[in-house]
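All remarks here apply to the structure that follows.
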């Protein structure tokens, strides 16, 4: 992390700030999903939907404000975030990616087998005409 930020501790702190605020927003979003999709689950404590919405709005306001005040630090954050999301997306979509690779390999093999078969038949035909 220090290599990307070139030892600038303010940039590193800003990356952690943006990360923390993003995680807090995701907690609020998860809370909203639990309230709407799994309302029947027993919970030791509950927050009302308006309170959760206000909290998420406050966190998003802080996140947006931080990004506007320090756009360079947002770029540093994205240098970490985008590769991490790409790795996660590849891992989550690995079955589809492997199936696409298998389809591609089969298509290439089918192409070569078709052309090799026609080449072999043409060689047999030519060698039969030479006798």
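Coordinate-derived values only; no laboratory data. No experiment lies behind these values; they were computed from the predicted model shown. Cβ sites come from the backbone with ideal geometry, for glycine too, and all protein chains shown count toward neighbours.
Data table
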| quantity | calculated |
| --- | --- |
| Total residues in the range 55-80, condition in contact (Cβ under 8 Å) with a residue 40 or more places away in the chain and in a helix (DSSP H, G or I) | 11 |
| Filtered residues of the range 56-96 (kept if more than 22 Å from the chain's Cα centre (by Cα), surrounded by 14 or more Cβ atoms within 10 Å (Cβ to Cβ) and within 17 Å of residue 12 (Cβ to Cβ)) | 66, 70 |
| Flag for residue 28 being at negative phi, without any contact (Cβ under 8 Å) to a residue 40 or more places away in the chain and part of a helix (DSSP H, G or I) | yes |
| Residue ID - farthest from the chain's Cα centre (by Cα), chosen from residues in the range 13-25 that are surrounded by fewer than 18 Cβ atoms within 10 Å (Cβ to Cβ) and in contact (Cβ under 8 Å) with a residue 40 or more places away in the chain | 17 |
